[in-house]
Amino acid sequence: MNRHRLLWIAIVALWLALSGAVFAQNTDESVTDDDVNRVARELYCPICENTPLDVCETQACEDWRLLIREKLEAGETDGEIVEYFADIYGDRARATPTTEGFSLIVWIAPILIGVFGIVIFVRMLRRWLARGAEAGPEPTLAAPPTSGDSAPADPELGDYAARVEEELRRSA
Amino acid sequence: MISDIGLLAAWFALIGSVVAVLLALYGYWASDAKWITSARRAAISVWPLLTVAVLAIEYALLTDDFSLNYVASVSSREQPLLLKMTALWGGQDGSILFWAWLMATFAFVVLLRRWDQDRDLLPHVIVVTMGTLAFFIALDIFASNPFKKLDFMPVDGRGLNPLLRHPGMVIHPPLLYLGFVGFVIPYAFAMAALVTRRSDAHWIRLTRRWTLIAWLFLSLGLLLGGRWAYDVLGWGGYWAWDPVENAAFMPWLVGTAFLHSVQIQEKRGMLKIWNMVLIILTYGMVIFGTFITLSGVIDSVHAFARSAVGPAFFGFIAVTSVASVWMLLRRLDDLRSDNRLESIFSREAVFLFNNLLFMTLTFSVFVGTVFPMVSELVTGEKRTVGPPWFDRVTAPQFGLLVLLMGIAPLFAWRKQSLQRLGRSLWLPFVIALGAVVMLFVSGTRSAGALLAFWIVTFVGVTTLWEYARGVVARRRVQGESWPVAFWRLTGRNRRRYGGYLIHLGVVCMAIGIIGTEMFQQQTQGTVAVGESLELGGFEIRYNGLINRRGADDLAIVEADLTLSRNGKELRGLLPRREIYQNSGQTMTIPATRSTLTEDYYVILAGWDDAGRLATFKTYLNPLINWLWFGGLVFVVGTMVAVWPDAEAERRAMARQAFTRRQVAQAA
C-alpha cells in the first residue's frame, strides 16, 4: 500500500517536472539556427540549381533563411512555412514532392515498376520450371573437373577439403 | 599553329573512324577479309591522331595560349601546373575530347589483340567502337570545339572553377569516363555475337575482364566523388542524389546486374536474351550518363534546347537503342536457353531476383532524376525530387539487395537443399539477432535502424563464414598457417574470393551509410571568441579568426578551434573559407576529426568583420569511416577478381572442352 502511494507520488512529480520543462519551452522565444535549418532542409533554393536551402550560400538564400527565422518567431509551424514558399515559388521549392496532382506520379511509378517486375519475375520462373518439367530430367553428364567457382553443395568441411585436394593433385 | 595541327588531327581522326566503319560494313557485306583488314588499319590510326589533338590542347594549356576560347575559360596564368594539365577535362569542350581519347585508347588496345580466333566478330566490333568514337569526335568538332579561337586574345584566362581544384576532383572525371568507355567494349562484342548468330557465352568470356575493369573504374569514380563531396563541398554528406551523381550511378547499377547475370549464361547457358538486354541498357545508360554529366540538361530544359549538344546526344541514344533492339529481336530465336530450371531454390533463380532488384533500383533512380524535367515539359512547372524521396524509395530496395548478397553465394546451381541452406544460415541469423538485441539495450530504438543493422550483421557473418570455411579446409589439407592458407585460397579462386571481398566491402560501406543516414547529428550556432558550441558530447571552443594568403590567388579565412570531449581537450581544428580573388568564388572547407566510431565535422559558415563572432555548422557522423574503409576493401576485392590467372584460365578451357565433348557424345 505504501509502495503504491509512493509510486503515484513519483509519477505525479515526474509529470510536473516534465510539464515544467514544456512550459519553459513555450515561454522561450528564441529561434535557434537549428530550427531554421530544420525548416530550410525541407526546401530547395527556388532559383539555384539543385541546392537545398540549408546549404545554399548565396545572399538570396541567406535572406530566405532570415525570412524563415522571422516566421518561426511569429509562431508559424514548419509545415506552414514550407507551404508559404511552395505557394510563391512553386513545387520546385519543395525538397520532397507532394502526393497531390502531377507529383503523385513520381510516388506511384516505382511501385508500379516493382509490381511489374515481380510479375515478370514470377512468369519467367514459371516458364523455366515448366520447360524443365516437360523436357524431363537433364541428361546427366559425367562430373566435370571441379572448379573453385561452383558453390559448395555441402557445408561440411570435408567437401571443401576434397576439392582442395583435387586442385592440388591436378596442379602438381 | 600547334592548335591548328590539333584541330586537323581531330578531323583526320573523325575521317579515320568513319572510314573504318564503312570499310568494316562493306567487308562484312561482301565477306571479304581484305576490306576488314583495311578497316582495322583505319581504326588503329584513330588513336595516334586523337593523341595529337589532345597533346595540342595540353600544349595550349601549358603555354597559356588564351587565344583559344577553351583555354581562356578553364585556365589562368597563376594556375598551378598540375591544374593547367588537368584543365583538359575542366570544361565541356575538353571533356568530350578527353572522353573520345579514352574511348580511342580502349578501342586501340582491343584492336591490337590477336583476332585469329574471332575473325567473324572483328568487323562488328570495329563498327560499334568506331561508330561511337565518330559520334563523340564529331560532337566535339561541330558543337563543342576546344580549338575554337577567340577574336581577341585576353590578357588572362578565367581560371578553373575552384570546385575542381581539389585533388579528388582532378582524378574523379577520368575515372568515371574510363568506367563509361570501358563498357562500350562488352557492348561491341555483344552486338558482334548477335549479328554473327553466336549463341554461346564466348563473347562474355572474351570481355569479362573489360567488364570488370570498366566496373572497377566506375566504382572508383563514384567512391572518390563521394569522398570529394564530403571533404570539400562542406555540407556534411557524401551523396546528394544530384542528377549528375545519378547519371554515373545508373550505369553502375545496370553494370552490376550485368556482371552477375552473365555468370548464369556462362555456367548454364540461360538468360541469353536478358544479358543482351542488359548490355544494351548499360551502353544506353553510359551514353545517357555522359550526356547528363556533360550537358547539364537535367537542371534546365531550356539549356537543352539552346545547346547543340543536347539534341545530338538524344538522337544518338535513340538511333543506337533502336538499332540494338531491332537486331536483338531479329536474333531472338538464336538465344534460346540451353538449360532448364529445376528448382526455384537455385542460384539461377536468386540471380534473377538480384537482377530484378537492380532493375527496379535503376528505374527508381531514373524516375527521380528525370521527373523534374518531365514535370516542366508537361506542366510547365519544375518539381524538385530531393534526397528524402530517393532515400525513402531506394532504402528498402538496397536493404533487400544486401540481404540477397549474403544469401545468394550459399545457393548451389540447379538445386539447393533447403535443409543445407538452413544449416548454413541459422548461426548468422542468431548472431545478427544478438547484435540487434545489444543495440536495442544500448539505446537504439528506431525499427529501421535495427532492421538495417540486423541485415548487415547477418550478411557480414555469412560472408565471413563462407570465406573462413575455405581457409580452414585448406589448413586441414595442406597444414598451412592462417595467412598462407588465406593467401593461397584467394589466389587460386580469384573470381570467387574476390567476389566475397567485394561483398564484405559492401557490408562495411552499408554500416557506414546506416550510421550516417540514421544517426547523424548536427547543429549550427554563432559564438564569440572564447565561447563554445556543443554537439553530442563534443565541444568546440572558438579562439579567433586567422587571415592568410594561399597559393593560386587565394585569400583564406581560417577559424582556430579547440575540440574537446567531456571536458578533455582532444585537438585543434581549422575549418576555413577559401576565396579566389579573381573570380570571387568561395569554397567552404571543413575540418574533421575522424575515428572508426564517428567523424566530428565542422565548417565555418560565417563571421563578422572583426572576427569577434563566428557562425559554425557542426556534424557528428557516426560510423562514416566504415564507408571509406569498405570502399577500400571493395576495390581490393575487385582487383583480386580481375587479376589474370593463367592457371584458372587453363582449367576453365579444359572444363569447356570436356563439357563440349560430353555433349557431343550424348547427342
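All of the numbers you see were taken from the coordinates with simple rules; none came from a lab. Quick caveat: nothing in here was measured; it's all calculated off a predicted structure. Here Cβ is always computed from backbone atoms with ideal geometry, including for glycine, and neighbour counts include all displayed protein chains.
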Each residue of the stretch A:61-68 in turn: what ³J(HN,Hα) in whole Hz from Karplus with 6.51, -1.76, 1.60 and θ = phi - 60°, glycine and Pro shown as x?
5, 4, 4, 5, 5, 4, 4, 4
Per the Kirkwood definition applied to all pairs of different Cα atoms, how many angstroms is the hydrodynamic radius of the stretch A:28-96?
11.7 Å
For the stretch B:153-160, take each phi angle, set θ = phi - 60°, evaluate the Karplus expression 6.51 cos²θ - 1.76 cosθ + 1.60, and give the result in whole Hz per residue in order, putting x for glycine and proline.
9, x, 5, 9, x, 6, x, 5
Compute the Cα gyration tensor for the stretch B:86-144, then decide on rounded, prolate or oblate, letting a ≥ b ≥ c be the square roots of its eigenvalues: rounded whenever a/c is under 1.5, prolate when a/b is larger than b/c in the other cases, and oblate in all that remain.
oblate
Extreme residue, positive dipole direction of chain B, given options B:Ala395, B:Gln581, B:Ile171 (C-beta unit charges):
B:Ala395
Could you give the nm distance between label points at B:Leu632 and B:Arg41, where each point is 7 Å from its Cα heading toward the beta carbon?
5.2 nm
Within chain B, longest stretch free of exposed GluC sites (Glu not before Pro) [DSSP loop, at most 16 other beta carbons within 10 Å]:
B:79-380
For the charge dipole of the protein assembly as shown, defined by +1 on Lys and Arg C-beta atoms and -1 on Asp and Glu C-beta atoms about the Cα centroid, which residue among B:Ile264, B:Phe458, B:Val46 has the Cα displaced farthest towards the positive pole?
B:Ile264
Quick one: which residues, 5+ away or cross-chain, put their amide H under 5 Å from the amide H of B:Arg414? H built at 1.01 Å from N.
B:Arg347, B:Glu348
Please work out the C-alpha center-to-center distance from the stretch B:329-371 to the stretch B:278-296 and express it in whole Å.
20 Å
If the chain between B:Gln581 and B:Ala610 were fully stretched, how many nm would it gain, using 0.36 nm times the residue separation less the Cα-Cα distance?
8.5 nm
For B:Ile546, other-chain or 5+-apart residues with amide H closer than 5 Å (H placed, Pro excluded) are B:Glu558, B:Ala559, B:Asp560
Quick one: Debye curve from the C-alpha atoms of the stretch B:1-165, no solvent, what's log10 I(q)/I(0) at q = 0.17, 0.18 Å⁻¹?
-0.89, -0.96
Under a 5 Å amide H to amide H cut-off, with H placed in plane at 1.01 Å, what residues pair with B:Ala605 once short-range neighbours are removed?
B:Thr615, B:Phe616, B:Lys617
I need the phi-derived Karplus couplings for the stretch B:331-340: 6.51 cos²θ - 1.76 cosθ + 1.60, θ = phi - 60°, integer Hz, Gly and Pro marked x.
9, 3, 5, 5, 9, 4, 5, 6, 10, 10
Check the straight Cα-Cα distances from A:Lys71 and name the lysines below 25 Å, setting aside those fewer than 8 residues away within the same chain.
B:Lys617
Using the 10 angstrom Cβ neighbour count as an exposure proxy, how do B:Phe147, B:Phe486 rank, fewest first?
B:Phe486, B:Phe147
What are the principal axis extents of the Cα atoms in the stretch B:120-279, in Å, biggest first?
62, 43, 21
Fewest-first sequence of B:Lys382, B:Lys149, B:Lys84, B:Lys617 by Cβ atoms within 10 Å of each Cβ:
B:Lys149, B:Lys382, B:Lys84, B:Lys617
Using +1 on the beta carbon of Lys and Arg, -1 on that of Asp and Glu, and nothing else charged, what's the dipole of the stretch B:535-591 about the Cα centre, debye to 20?
220 debye
Mean Kyte-Doolittle hydropathy of 1.0 or higher plus an axial Cα length of 24 Å or more: which whole DSSP H helices in chain B meet both?
B:2-29, B:33-62, B:92-112, B:122-143, B:272-295, B:309-330, B:347-379, B:418-441, B:624-642
Cα-centre dipole for the stretch B:1-165 with unit charges at Cβ (Lys and Arg positive, Asp and Glu negative), debye to 20
280 debye
Could you let me know the centre-to-centre spacing of the stretch B:215-261 and the stretch B:67-85, using Cα atoms, in angstrom?
28 Å
Those cysteines in the protein assembly as shown that have no second cysteine Cβ within a distance under 4.7 Å are B:Cys508
By the gyration tensor of its Cα atoms, with a ≥ b ≥ c the square roots of the eigenvalues, what is the shape of the protein assembly as shown: rounded for a/c under 1.5, prolate for a/b over b/c, or oblate?
oblate
Indicate the gyration tensor shape class of chain B (rounded, prolate or oblate), computed on the Cα atoms with a ≥ b ≥ c the square roots of the eigenvalues: a/c under 1.5 is rounded; otherwise a/b larger than b/c is prolate and the rest oblate.
oblate
So if I take the centroid of the Cα atoms in the stretch B:121-157 and the same for the stretch B:379-442, what is the distance between those two points in Å?
44 Å
Cut-off is 10 Å between beta-carbons; in what order do A:Asp91, B:Asp116 appear when sorted fewest neighbours first?
B:Asp116, A:Asp91
For the protein assembly as shown, the dipole about the Cα centre with charges only on Cβ (Lys and Arg +1, Asp and Glu -1), to the nearest 20 debye, works out at 4380 debye
Environment charge at B:Glu558 (Cβ cut-off 11 Å; Lys +1, Arg +1, Asp -1, Glu -1):
+1
In nanometres, what is the gap between the two model label sites at B:Val109 and A:Ile111, each 7 Å from Cα along Cα-to-Cβ?
4.7 nm
